[in-house]
Structures are given as structure tokens and as C-alpha cells.
Amino acid sequence: HLCRGVLVYLDDILIFSKTIEEHINLVRQVLQKHLAAKLYVKLPKCEFHKESLDYLGYRISSRGIEMDPRKVKAVLDWQPPRTRQQLQSFLGFANFYRQFIPSFAEVALPLTELLKTGPSHSKPKPSQPLAWTMDCQRAFETLKRLFAA
């Protein structure tokens, strides 16, 4: 941990600040720490003084943290799932952004109910077709609409 305004995740370093002066100072400190440790950055992989940044599925800017617009488009383009595996993929993807979706669990309930195993003792196959209902379609469309909101 270097200081406030610096986030390190694996080999990524994010530097954020309220003023350009503070930002320049933080960049200088980070680069000095690298130099002291004989670590080097690859300039082509660096981006400096950006107003916003798409990172790990999020857009980070002075407005805060939002969903990456490319991920929102992916949800809007998503076709209704036909199999358990397709539904699991959709719900897993959507669940990653649940903090942005009001009442996510309640809206998604008809979809998550489809994944519950029935009374039989055999485990359902991923390719098993879904018993898609109007409630499922409404939940699917509502989730997509909430992503776009």
C-alpha cells in the first residue's frame, strides 16, 4: 500500500485524485517507488491522465463507478436462454452487476427457480431445455431493461 489514491491489482496500478497537481504527485511517487525497487513499466501499456477508465467490467470516472457500456450492450443483445447452461451463463453475468440493479434477486426469481433441481435424484444436464414461461420472459426482459436504465 503506497498511499490514498493508488490501487494495485495484480500487475495493474490505478492512480486517482481530485486535482491534477495531486495526480502528478502520485504518479511521480509511484514511478519513484518502481525505480527504487528496480521495477520498470512498459510505456505502451500505460495510460496517463484519463478522465475515465474501463477496468474489470466497470467504467470508473469522476462520476463514480458504473457498468462498462460494452457489458450493458452484451446484456441488451442477449437472446432468451434455451438451456440450463445458457440460463446459468446469463444469470452469472447479470449477477456480477447486481449492485446496480434494484431488487435484483426478486426480479430474477423466476429465472433462478428454473435452475432448482426437481424431485428426481439425477442431476439435470446443462443442455437440458428450460420450461420457459411468460413469467420467465418478463423477468428476463425486466432485467435487460434495468441494465439499460
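Structure summary
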| item | result |
| --- | --- |
| Residue check, Gln128 out of contact with any strand residue (DSSP E or B) (no Cβ under 8 Å at 6 or more places or on another chain) and among the polar types (S, T, N, Q) | no |
| Residue within the stretch 26-39 that is under 26 Å from the mean Cα position of the chain (by Cα), in a loop (DSSP other than H, G, I, E, B) and loosely packed, with under 10 Cβ neighbours inside 10 Å present | no |
| Residue count for the stretch 97-106, restricted to those that are touching a Lys or Arg at 6+ places or on another chain (Cβ under 9 Å) and surrounded by 14 or more Cβ atoms within 10 Å (Cβ to Cβ) | 2 |
| Selected residue (criterion: farthest from Gly5 (Cα to Cα)) from residues of the stretch 15-67 that are out of contact with any Lys or Arg (no Cβ under 8 Å at 6 or more places or on another chain) and polar (S, T, N, Q) | Gln32 |
| Extreme residue, surrounded by the most Cβ atoms within 10 Å (Cβ to Cβ), among residues of the stretch 56-73 that are over 11 Å from the mean Cα position of the chain (by Cα) and not assigned by the TED database to the domain that holds Leu91 | Ile60 |
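The values are calculated or read from the model by the stated rules, or taken from the named source; none is laboratory data. Keep in mind that what you see is a predicted model, and the values were worked out from it rather than measured. Cβ atoms come from the backbone with ideal geometry, glycine included; neighbour counts cover every protein chain shown.
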